[in-house]
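The values are calculated or read from the model by the stated rules, or taken from the named source; none is laboratory data. Here the structure is a predicted model, which is why all the values come from computation and not from measurement. Glycine gets a Cβ as well: all are built from the backbone with ideal geometry, and neighbour counts include every protein chain shown. In case anyone asks, the SASA skips ligands and DNA or RNA and just uses the protein heavy atoms, side chains included. Shrake-Rupley method; radii C 1.70, N 1.55, O 1.52, S 1.80 Å.
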Amino acid sequence: MKCRKCGDRAVLNMRQHRLSLCREHFLEWLPQQTLRFIEKYHMFTPDERILVAVSGGKDSLGLWDVLQRLGYQADGLYIDLGIDQGSGYSSTSRQKAAAFAEAHQLTLHVVDVPAELGASIPTAAQLTHRGLHKPCSVCGLTKRHIMNRVARDFGYGVLATGHNLDDEVAVLFGNTLSWATGYLARQGPVLDAEPGFVRKVKPFCRLYERESAAYALLRGIEYVYEECPHAEGATSIYYKDVLNRMEAERPGIKLSFYLSFLQARAGGFLQPATGAARPDMQPCPNCGQPTTSGGTCSFCRTWDSVRSRLTTPAEGTDHNPPA
Ligand code: Q46
Ligand code: ZN
Ligand code: ZN
């Protein structure tokens, strides 16, 4: 297998693009592709300050690396969820994010959830109804809130996440199976800013996970290999597995599913939902972030309830006290 550009030994054969590239040309190709997507979907301009949500994994660190190689002004945000007991997941990923920032002399904001909010994500999940089965619900709510807050507080125009094509297609697949038109209308490379919410973008949304992983490896980026221990058994992993089997038989099917969806959406397939305004958003009296609840937002209500239960612990509850 030879590189299509120079004839040297190829390190990656991308059947879906009918393209094989050597290390050097692959490391040129991926940032060029990313730039193409940034411009095509009007994600941001070179004048804008970008906040990259960094988990310590290959996609987000790879994205941060690409953005700085392309000359964008991109700072990082790491959210320490306190997912450590038995896994050390948060401390390892935090260390990877910090080491990358230091090596490249980049600014990294760190929000320590247990120190700032009073409990780790697993503890918060145990103490609220949101965590009956998994901590992902309280985790997602908390991450969304913190990402938006930090972006607004520090004046970033846009928040970038490292979601790759495999992530996007798994979500699309799930939303299509249930015809979740509200979610489908909002899924895409860019979620425009709304009052109180910054613009969110996914510059890697058209890159296969395999391509993103190869980039991180070939660039020598040190990232956390393990997934969050709570990801195990997630429906999205099942969908990814099904989609991978389809991709093996029909290379390119994931990309064409995603692109056809974007085309159908642009053509008005989800028009009524796309045009619908969000129901009355009001600032939360506690934190100021927009909410439809008519009172305190669900982030504040959840964490108030966690803290009230922490001060009156139920017998036998495995608490993780504030740091
Ligand atoms: S939501 Fe759930 Fe993830 Fe949070 S608890 Fe882990 S798996 S990190 S993307
Ligand atoms: Zn080459
Ligand atoms: Zn609030």
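Report, to the nearest whole %, how much of the accessible area of the chain belongs to carbon and sulfur atoms, 1.4 Å probe, protein only. Can you show the working numbers first?
Values: 8240 of 16190 Å².
Of all accessible area on the chain, carbon and sulfur atoms account for 51 percent.
Going toward the positive end of the dipole of the chain, with +1 on Lys and Arg Cβ and -1 on Asp and Glu Cβ, which of 204, 37, 266 do you reach last?
Value: 266.
Enumerate the calculated ³J(HN,Hα) couplings along the range 189-194 in order (Karplus 6.51 cos²θ - 1.76 cosθ + 1.60, θ = phi - 60°), each rounded to whole Hz, writing x wherever the residue is Gly or Pro.
Residue by residue, the range 189-194 yields x, 9, 10, 4, 5, 10 Hz.
Within 10 Å of each candidate Cβ there may be at most 10 other Cβ atoms; applying that plus a DSSP loop requirement, which trypsin sites (Lys or Arg not before Pro) in the range 22-70 survive?
Numbers: sites: 23, 36, 40, 49, 58, 69; in loops: none.
Passing sites in the range 22-70 do not exist.
Could you give the dipole magnitude of the chain about its Cα centre, charging the beta-carbon of Lys and Arg +1 and that of Asp and Glu -1, in debye to the nearest 20? All intermediate terms of the calculation are to be shown ahead of the outcome.
Values: 36 positive and 33 negative charges, 200 e Å.
The calculation lands at about 960 debye.
Cα to Cα, under 12 Å, and not fewer than 8 places away if on the same chain: which aspartates and glutamates meet these conditions relative to residue 200?
192
Assuming R0 = 56 Å, can you tell me the calculated FRET efficiency for the pair residue 266 and residue 308, based on Cβ-Cβ distance, to the nearest 0.05?
Working: r = 47 Å, r/R0 = 0.83.
After rounding to 0.05, the efficiency reads 0.75.
For the chain, which longest stretch is free of loop sites, where a loop site is one of the chymotrypsin sites (Phe, Trp or Tyr not before Pro) that DSSP puts outside H, G, I, E and B and that has at most 16 other Cβ atoms within 10 Å? Please list the in-between numbers first.
Numbers: sites that count: 154, 179, 225, 269.
Between exposed loop sites, the widest span is 1-153.
Under the rule a/c < 1.5 gives rounded, and otherwise a/b versus b/c splits prolate from oblate, where does the range 144-248 land using the Cα gyration tensor? Walk me through the numbers before you get to the answer.
Values: a/c = 1.88, a/b = 1.21, b/c = 1.55.
Here the range 144-248 falls in the oblate category.
Rounded to the nearest 5, what % of the DSSP beta bridges within the chain are antiparallel ones?
Just about 35 percent of them are antiparallel.
Could you grab the relative contact order for the chain? Cα pairs under 8 Å, six or more apart, rounded to a whole percent.
On the way: 481 pairs, mean separation 63.7, N = 323.
Normalised by residue count, the contact order of the chain is 20 percent.
Where the convex hull is taken over the Cα atoms of the chain, what is its projected area averaged over directions, in nm²? Walk me through the numbers before you get to the answer.
Numbers: hull surface 71.2 nm².
Computing the convex hull of the Cα atoms and averaging its projections yields 17.8 nm².
Relative contact order of the range 73-186, please, whole-number percent, based on alpha carbon pairs below 8 angstrom and at least 6 residues apart.
Numbers: 95 pairs, mean separation 22.3, N = 114.
Relative contact order here is 20 percent.
Among the aspartates and glutamates, which have Cα under 17 Å from the Cα of residue 254 when same-chain residues fewer than 8 positions away are ignored?
166, 167, 168, 209, 211, 241
Given the convex hull of the Cα atoms of the range 5-47, what is a quarter of its surface area in nm²? It would help to have the intermediate numbers written out before the result.
On the way: hull surface 14.9 nm².
Spelled out: convex hull of the Cα atoms, projected over all directions, averaged, 3.7 nm².
Taking a probe of 1.4 Å, how large is the accessible area per residue of the range 64-204, in Å²? Walk me through the numbers before you get to the answer.
Numbers: 5830 Å² over 141 residues.
In whole numbers, the range 64-204 has 41 Å² accessible per residue.
Which of 2/40; 202/240; 5/240; 96/134 have a Cα-Cα distance over 27 Å? Before the final figure, lay out each step's value.
Working: 2/40 30 Å; 202/240 18 Å; 5/240 31 Å; 96/134 25 Å.
The pairs that break the limit, which is 27 Å between Cα atoms, are 2/40; 5/240.
Over the range 136-293, what is the relative contact order in whole percent, taking alpha-carbon pairs under 8 Å and six or more residues apart?
Details: 138 pairs, mean separation 41.9, N = 158.
Reported relative contact order: 26 percent.
To the nearest 20 debye, what is the magnitude of the charge dipole of the range 53-187 about its Cα centre, counting +1 on the Cβ of each Lys and Arg and -1 on the Cβ of each Asp and Glu? Don't skip to the answer; put the middle values down first.
Numbers: 11 positive and 12 negative charges, 63 e Å.
The dipole magnitude comes to about 300 debye.
May I ask which residue of 187, 298, 161 lies farthest towards the positive end of the charge dipole of the chain, with charges of +1 (Lys, Arg) and -1 (Asp, Glu) on Cβ and the Cα centre as origin?
187
Rolling a 1.4 angstrom probe over the protein chains, ignoring ligands and nucleic acids, what is the accessible area of residue 22 in square angstrom, nearest 10?
For residue 22, solvent-accessible area is about 10 Å².
Please state the charge dipole magnitude for the range 86-155, taken about the Cα centre, from unit charges on C-beta atoms (+1 on K and R, -1 on D and E), reported in debye and rounded to the nearest 20. Don't skip to the end; give the middle numbers.
On the way: 8 positive and 4 negative charges, 60 e Å.
Charge dipole of the range 86-155: 280 debye, to the nearest 20.
For the residue pair residue 286 and residue 210, what label-to-label distance in nm results when each label sits 7 Å from Cα along the Cα-to-beta-carbon direction?
Rounded to a tenth, the inter-label distance reads 4.6 nm.
Let me have the 222 nm mean residue ellipticity of the chain computed from DSSP H runs of 4+ only, each contributing -39500 (n - 2.57), with the sum over all residues rounded to the nearest 500. The partial results should precede the final answer.
Working: 13 runs with 153 residues, N = 323.
Helix-only estimate at 222 nm: -14500 deg cm²/dmol.
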